[in-house]
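The values are calculated or read from the model by the stated rules, or taken from the named source; none is laboratory data. Bear in mind that the values here come from a model prediction, so they are computed numbers and not experimental data. Cβ sites come from the backbone with ideal geometry, for glycine too, and all protein chains shown count toward neighbours. Heavy atoms of the whole protein, side chains included, go into the accessibility calculation; ligands, DNA and RNA do not. Shrake-Rupley method; radii C 1.70, N 1.55, O 1.52, S 1.80 Å.
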Amino acid sequence: MTQIHDLTALELAAAIREGQLSPVEITDHYLDRIDRLNSRTGAFYTVTADLAKEQAAAAEKLAAESRRAGEAATSLPALAGVPIPVKDLNMVAGVRMTLGSTIFADYIATEDDYVVAELRKAGIVITGKTATPEFGLPCYTETKIGPPARTPWDLSRSAGGSSGGAAAAVAAGLAPAAQGSDGGGSIRIPASVCGLFGIKPSRGRISRGPLMPDLSGLSTDGPIARTVADAALLLDIMTCNYPGDMYIMPPLPDGETFLGHAGRDPGKLRIGRSLTNVVPGAEVHDDCVAAYEDASKLLADLGHEVTDVELPFGPDAVPMFELLWYSMATLAPIDPAQEHELLPLTRYLRGKGLKVSASELIFAQAYLQGVMRPALAALNKYDAFLSPTLASPPVPVGYFDEVDPAENFERQKRFAPYAALYNISGQPAVNLPLYWDAGGLPIGVMLAGRLGDEATLISLSAQVEAARPWRDRHPAIW
């Protein structure tokens, strides 16, 4: 028997328009699941039940009025009445935003982030704020704010980060889809370990305002979903630019949507592939190699030209990226008297960042741009580029924190040695949940596209999804 949480975001939106389901019924269903399962998954830091019920009631009234007027198909916002949670690095006016830190445990946001404002325009119901590591810095989600975010496929293992709570929520059926963000793999990493489809959009596709700076251009918001179509719709909704944005990506041509591309044949594509990564000592697990080879064969079977390619950048980019990461750790306005309240890894990264000089920071930015110019020229010969998403299957909760902060950071680099390259280049990249190992753990593969060409990635991903469907594969907690 189909349950509400079996439906995709698009299916829920259609059921609301047609009067088959009500936003109140849907919201109550998800709030009940969150109440029962959140303590096990660690998906949410804050549940906004009152706000969600208020928004659901308003959406129900709007949907009823639109149906009476015969306009439900055209007048309702795209996701009117559909629950979509927001990551706890993003502001939602009137709602607690912790940034994953006890220092901000009582902070209440006074306005919406621009991307949240776009989601509100689309009619979403905000069920809460999903778990994120302290200031979004590591690739796992374990803090003092709440329980660790765990992959629903094995609750002893991490859901990844920094959008770990968002991915855990979607994979456990606590949300049909979720908003996340990605500065070094933070959408694709949790999507991989939670068996989901996630998109890191191109640099400049989605505004980081009004508070988050886009100086380095590493970070962007993006969707995490069970299906390509849901993620494509969310990308359409989240796409926005505002005055003051340093990076702006030209929009799709008039009449084009990312959702439309999810139903479009990509044609025969030229796809490069490589197992090479730039992190010294990062060994790729046999299961991740198997997932990569399996995806390569599937893409070839679909008629695409899949070619081995030498990676057009090397390990020299890693220390420059690290300088940017250290510097980003210093952005949170912390009273020096409160530094001791931060987690050891955060203190370590901030300590490194406070030692970075202005000239070092500018040189690192310039160096990475110089490296990426010829690399992008080389990658642009291909419509897409395939690699593993991670070098390892999901790791146990506590795996990173069981060692000192310096080794913790090295472990993170070796665990996720592929993802950050596309934050540096600004290219769009997706995680495809194509493979499960013998123990039932999800292992994703990553496709990157040309800068600004999410459309081709979405068409290709939808073709792969149709050939190897994954939406009805669920963990036991489902």
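Observations on the structure shown:
- For segment 112-137 versus segment 274-335, the gap between their alpha-carbon centres in whole angstrom: 27 Å
- D (Stokes-Einstein, µm²/s), Kirkwood Cα radius, the chain, 0.890 mPa s at 25 °C: 111 µm²/s
- By the rule of a C-alpha distance below 18 Å, with chain neighbours fewer than 8 residues away ignored, the aspartates and glutamates paired with residue 144 are 88, 106, 134, 339, 341, 401, 402, 404.
- For segment 143-167 versus segment 28-81, the gap between their alpha-carbon centres in whole angstrom: 24 Å
- Working from label points 7 Å from Cα in the Cα-to-Cβ sense, the residue 28 to residue 121 distance is 3.3 nm.
- Structure-based [θ]222 nm, the chain - -39500 (n - 2.57) summed over DSSP H runs of at least 4, per residue, nearest 500: -11500 deg cm²/dmol
- Sorted on the mean count of surrounding Cβ atoms within 10 Å across their residues, most packed first, peptides 371-378, 334-341, 176-183 read 176-183, 371-378, 334-341.
- Ranking 115, 318 by solvent-accessible area of protein heavy atoms (1.4 Å probe, all protein chains present), from largest to smallest, gives 318, 115.
- Relative packing of peptides 258-267, 274-283 - highest average C-beta neighbours within 10 Å first: 258-267, 274-283
- Of all aspartates and glutamates in the structure, those lying under 16 Å Cα to Cα from residue 200, and not within fewer than 8 positions of it along the same chain, are 182, 214, 221, 230, 236, 453, 454.
- Over the C-alpha atoms of segment 373-464, the Rg to Rh ratio, Rh being the Kirkwood estimate, stands at 1.04.
- Area of residue 257 that stays accessible when all protein chains are in place (1.4 Å probe, Å², to 10): 60 Å²
- Per-atom-type breakdown for the chain gives carbon and sulfur 53% of the accessible area (1.4 Å probe, protein chains only).
- The DSSP beta bridges internal to the chain are antiparallel in roughly 70% of cases.
- By the rule of a C-alpha distance below 23 Å, with chain neighbours fewer than 8 residues away ignored, the lysines paired with residue 53 are 61, 87, 121, 129.
- In Å, descending, principal axis extents of the Cα set of segment 223-329: 45, 44, 25
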